[in-house]
Amino acid sequence: MSWKAKPSATTDPVSLDVLADLEKPAGGSFVTDALRSRWTAEIIPKYATRHGALMPILHDLQHAYRCIPYQAMIDVALFLEIPPAEVLDTTSFYEEYHTEPVGRCVVGVCQSIACEVCGHQAIVDHIRNRLDLEPHETDDEGRFTLLLLECLGSCDTAPVALFNDELAENLVISQVDAILDEVEATPIDQLDREAVRAIVRKHATTQAGREPGESGQT
Ligand code: FES
């Protein structure tokens, strides 16, 4: 059994047991003093308006809690002094934002045209079969979530996938298996953002004459 990463009209609602497992922030607000300080010092100054900082703040909040619960949207709206509906619209529009808990390793395979012609379906099918997950599902352990994403802006290194926020390029099945093997072998309490990033980078592949992460454009 598994649970869905993002509810919609065609998905079952997440179980209350899963939501009960979500760690509640001390003091009742998802915008803790630590987050408030970091956002004020490091994110807000980069944007002309507080509203402009919404997306990076949502990313940071999601990294902290592994999802963006509805109360967190309200807390972010209060912090940014914008309507909660603006936060809800943004969170619900992008597949990369999750309103319910996801796995420690979110595998998002690009399904747009360049990746499609370069064989994304074989990669998706391999991951589906290996993890016994359909897109938008998370395994019971909370280790993996599988997503299908739109163009990740790396069409010249297609097919590509995001493992959390780390891009894996020129994907081949053996590379996917090597990454999944290591993620599975890592104790789940050690499977954080940095651990997944290190695993993906360790198994980066190259195209002829090009290093991993290099765009190939001059
Ligand atoms: S189509 Fe996959 S990165 Fe652009």
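The values are calculated or read from the model by the stated rules, or taken from the named source; none is laboratory data. Being a predicted model, the structure only gives us computed values, none of them experimental. Cβ: placed from backbone, ideal geometry, glycine included. Neighbour counts: every protein chain shown.
Quick notes
- In region 94-107 there is at least one residue matching the filter, namely being within 16 Å of the ligand (Cβ to nearest atom), among the acidic types (Asp, Glu), at pLDDT below 95 and out of contact with any Asp or Glu (no Cβ under 6 Å at 6 or more places or on another chain).
- Residues that are part of a helix (DSSP H, G or I) and either more than 16 Å from the ligand (Cβ to nearest atom) or of a type in the set (Phe, Trp, Tyr) (or both) within region 114-140 comprise 125, 126, 128, 129, 130, 131, listed in sequence order.
- Figure legend. Inter-residue proximity from region 73-84: first residues touching a residue at least 12 places away in the same chain (Cβ under 8 Å), second residues among the hydrophobic types (A, V, I, L, M, F, W, C), beta-carbon distance below 6 Å, spacing 6+ or different chains. Indicated pairs: 73/87; 73/88; 75/30; 75/31; 76/87; 79/31.
- Consider region 186-218 and keep the residues that are over 18 Å from residue 118 (Cβ atoms), among the charged types (D, E, K, R) and assigned to a loop (DSSP other than H, G, I, E, B). The one that is modelled with the highest pLDDT is 192.
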